[in-house]
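Colleague: One structure is given below, represented as structure tokens, and several questions about it will come after.
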Amino acid sequence: MAKKVKAPGIYAPGSIILTENIIKNMDDPDEGLIMELSPGGETGMDKVAAKYGYSLEISTSDNMVTSRMMPLNKKTEEIDVSGETCPGPAIIVGEMLSGMPSGDRLMVKTLSSDTLDDIAMVARSMGSKIVEKGVIGDRNYVIIEKAEKIQADGAAALNKDSVLIVQSNGIGNAERAYATFIFSKVALSMGKKVIIFTLMDGVSLVKKGNAAIVKHPDFERLDKLMGDVVKAGATIYACELSAKFRGIKPSDLAEGVKMAGAATYLELLSDPGNVIVNF
């Protein structure tokens with residue numbers, strides 16, 4: 001996290017001397033420094049930034065000047081997710097982080113501070129770190145530094161990077177049907193393995209053509225969402241017994257869906273590496 005120092009009432013050149021001393025004594029200068037000063041305290045900060053290899057951004061609000069210095073060797077991309085409906089921001093950020101090299105940074109802006117909490121959770125679960133949070137104008141923001149997830153040894157290695165979603169509700173419960181594939185999409189964007197096991201009425205979701213009739217005005221059609229999840233690498237099973245009860249044959253299943261028996265289901269449930277979600 002970037003170091004933040006409030007120093008009202010200190011003006012140049014005192015603010016310059018203070019800033020240099022802070023930089024010299026920081027545990028990790030690569031994380032950057034934010035100085036909150038009285039107007040006039042920012043004078044000469046451009047020279048300090050250049051001397052120590054930082055970029056400099058100056059902003060003013062409420063009789064306070066903020067000098068924000070970040071390392072020049074860190075490439076930072078910016079994105080504004082204001083107006084995106086959950087889980088859109090989490091998916092967008094997860095996909096962007098997945099495609100970024102380690103060490104690069106992503107600044108995410110949004111009108112909602114609550115959205116940032118969700119985004120921070122995505123970043124941490126992927127092994128990345130939050131280096132700064134704050135407010136610029138009417139936007140809340142967070143800066144994430146991409147890092148590769150480190151796998152621990154032994155008992156600590158149980159990171160539960162696989163999500164098993166069990167769906168026993170059918171097309172008659174649109175909310176639960178959507179939740180299955182929306183949560184799957186978020187998990188996939190976070191780099192997790194996703195397995196969906198449909199049973200009982202849940203198998204009706206994966207019968208050819210059925211998902212196409214489920215449509216919520218705020219989301220894309222369910223069959224499109226299901227197709228996206230399959231293309232992204234999710235594994236979808238239909239319970240063989242439940243399918244037989246409903247006259248559904250393997251040839252009746254939507255593309256990418258496999259039949260599976262009780263042994264597969266129980267094995268998935270007993271796998272300690274799976275986080276289990278029931279809908």
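Every number here is computed from the coordinates shown, using simple stated rules; none is lab data. As the structure is a prediction and not an experimental result, all values here were calculated from the model. Counting neighbours? That spans all protein chains shown, and the Cβs are built from the backbone with ideal geometry, glycine included.
Colleague: What list do you get for 226, 126, 64 if you sort them by fewest beta carbons within 10 Å?
Modeller: Ordered from fewest to most neighbouring Cβ atoms within 10 Å, 226, 126, 64 come out as 64, 126, 226.
Colleague: Student exercise: in region 188-250, how many lysine pairs 8 or more apart or on different chains have Cα atoms under 17 Å apart?
Modeller: Taking region 188-250 as the scope, the lysine pair count is 11.
Colleague: Sticking with this structure for a sec: Can you pull the percent of Cα pairs in region 76-145 with separation above 16 Å?
Modeller: 36
Colleague: Largest first, please: the extent of the C-alpha atoms of region 180-279 along each principal axis, to the nearest Å.
Modeller: Principal extents (Cα only, largest first): 37, 33, 21 Å.
Colleague: Rank these for me by crowding, 183, 197, 245, going from fewest to most other beta carbons within 10 Å.
Modeller: 245, 183, 197
Colleague: If you don't mind, there's one more thing I want to ask. Once Rh is set to the Kirkwood radius over Cα pairs, what Stokes-Einstein translational diffusion coefficient, in µm²/s, holds for region 1-158 at a temperature of 20 °C and a viscosity of 1.002 mPa s?
Modeller: Values: Rh = 16.8 Å.
It comes out at roughly 128 µm²/s.
Colleague: Semi-axes of the equivalent ellipsoid for region 28-110, please: Cα gyration tensor eigenvalues, times 5, square-rooted, ordered largest first, whole Å.
Modeller: 29, 18, 7
Colleague: Taking a quarter of the surface of the Cα convex hull of the chain, what do you get in nm²?
Modeller: About 17.3 nm², averaged over all directions.
Colleague: Right, another one. Take the alpha-carbon positions of region 3-71, form their convex hull, and give its projected area averaged over all directions (one quarter of the hull surface) in nm².
Modeller: 3.8
Colleague: GluC sites (Glu not before Pro), restricted to region 170-265: which are DSSP loop and have at most 15 other Cβ atoms within 10 Å?
Modeller: Numbers: sites: 175, 220, 240, 255; in loops: 220, 255.
When the GluC sites (Glu not before Pro) of region 170-265 are filtered for loop state and at most 15 Cβ neighbours within 10 Å, 220, 255 remain.
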